[in-house]
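All remarks here apply to the structure that follows.
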Amino acid sequence: MANTARVPTGIHGLDELIGGGLPEKSVNLVSGPAGSAKSLLAMQFIYNGIKDYGEPGIYLTLEESRENILRAMSSYGMNIERYEKEGTLILLDMSEIRRRCDVSEEAAVVGFDALSNLLDNLLTYSKARRLSLDSLTAVGLHYEDIPGILRRELFKFSSLLHEKNVTSLLITESIEGGPLTRYGIEQFIADSFIVLGLEDVKGELRRTMTVRKMRFTKHDTTKHPILIGASGINVSAEAKVF
Ligand SMILES: Nc1ncnc2c1ncn2[C@@H]1O[C@H](COP(=O)(O)OP(=O)(O)OP(=O)(O)O)[C@@H](O)[C@H]1O
Ligand SMILES: [Mg+2]
């Protein structure tokens, strides 16, 4: 599998750690605590995809509003209006759609069935080659009291994505000092697992990135410092964090 085609993230310093990019048509997981730049990474993956590699993409948000995502993107110089107009970038707030269809707040919590239906259609009828889902944690809330079901649903969901002609990036939240993923099982259904860190070092916040798993790839496994600049994430591929 050494020649698996790559889908470059275009994120400064990241592609060189993972053999040129994410494996084509793979399901990739990104975890990290609040504020660790998970959403930013997912936005850049989609934006760079259309801007630099001509690959249409979908950004599906379940936690933050479309307005918030747009505002964050534009603050990093990612202006998507043109791409949305031409239909090459789709930014969808799925919980908002649910809220509009049903007046109850609970209806806004999206389960895997609703998500899979939507994506099945979107991925079949759009030309999207990249997908960011922000976040899996929000979907899992639907199942929290039902052990076992979440694992099965996650597996079914990742199988659906594997059948499609799309490279996906799924976000999951972690709690500082706790397990690496919110439910402790997300990493098993993914082909790759990138962990973002936000550590307090002598009163200063230090951001990090570690590639813990990348199927089909010989990849770097060290913890690297990351910086957030005016145009997004910058991974210091040469530097290590001890
Ligand atoms: N120019 C900048 N330099 C450094 N940090 C910045 C800059 N602009 C924004 N940030 C910080 O970058 C972080 C990235 O936020 P992002 O929303 O991507 O994190 P997240 O992991 O998705 O968080 P959450 O779990 O709350 O959704 C924010 O905490 C923000 O304060
Ligand atoms: Mg976020």
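Just so you know, the Rg over Rh for the chain is 0.94, from Cα atoms, with Rh as the Kirkwood radius. For the chain, the solvent-accessible area with a 1.4 angstrom probe is 48 square angstrom per residue. Checking every one of the trypsin sites (Lys or Arg not before Pro) in the stretch 112-184 against DSSP loop status and a limit of 11 other Cβ atoms within 10 Å picks out Lys127. Would you compute, from DSSP H runs of 4+ residues alone, the mean residue ellipticity of the chain at 222 nm, taking -39500 (n - 2.57) per run and dividing by the full residue count, rounded to the nearest 500? Here the helix-only value at 222 nm equals -9000 deg cm²/dmol.
For the stretch 6-235, relative contact order (Cα pairs under 8 Å, six or more residues apart, normalised by length) works out to 30 percent. Annotation: aspartates and glutamates with alpha-carbon distance below 18 angstrom to Lys38 (same-chain offsets under eight excluded): Asp15, Glu63, Glu64, Glu67, Asp93, Asp134, Glu173, Glu176, Glu186, Asp191, Glu199, Asp200.
Going down the list Lys164/Lys223; Lys127/Lys223; Lys127/Lys156; Lys51/Lys164, which pairs span over 30 Å between their C-alpha atoms? The pairs that break the limit, which is 30 Å between Cα atoms, are Lys164/Lys223; Lys127/Lys223. Using Cβ point charges alone (K and R +1, D and E -1), the dipole size of the stretch 6-235 about the Cα centre works out to roughly 680 debye.
The values are calculated or read from the model by the stated rules, or taken from the named source; none is laboratory data. A quick note: this is a predicted structure, and the numbers were derived from the prediction, not measured. Don't worry about glycine lacking a Cβ; one is built from the backbone with ideal geometry, like all the others, and counts go over all protein chains shown. The accessibility values were calculated without ligands, DNA or RNA, using every heavy atom of the protein model including side chains. Shrake-Rupley method; radii C 1.70, N 1.55, O 1.52, S 1.80 Å.
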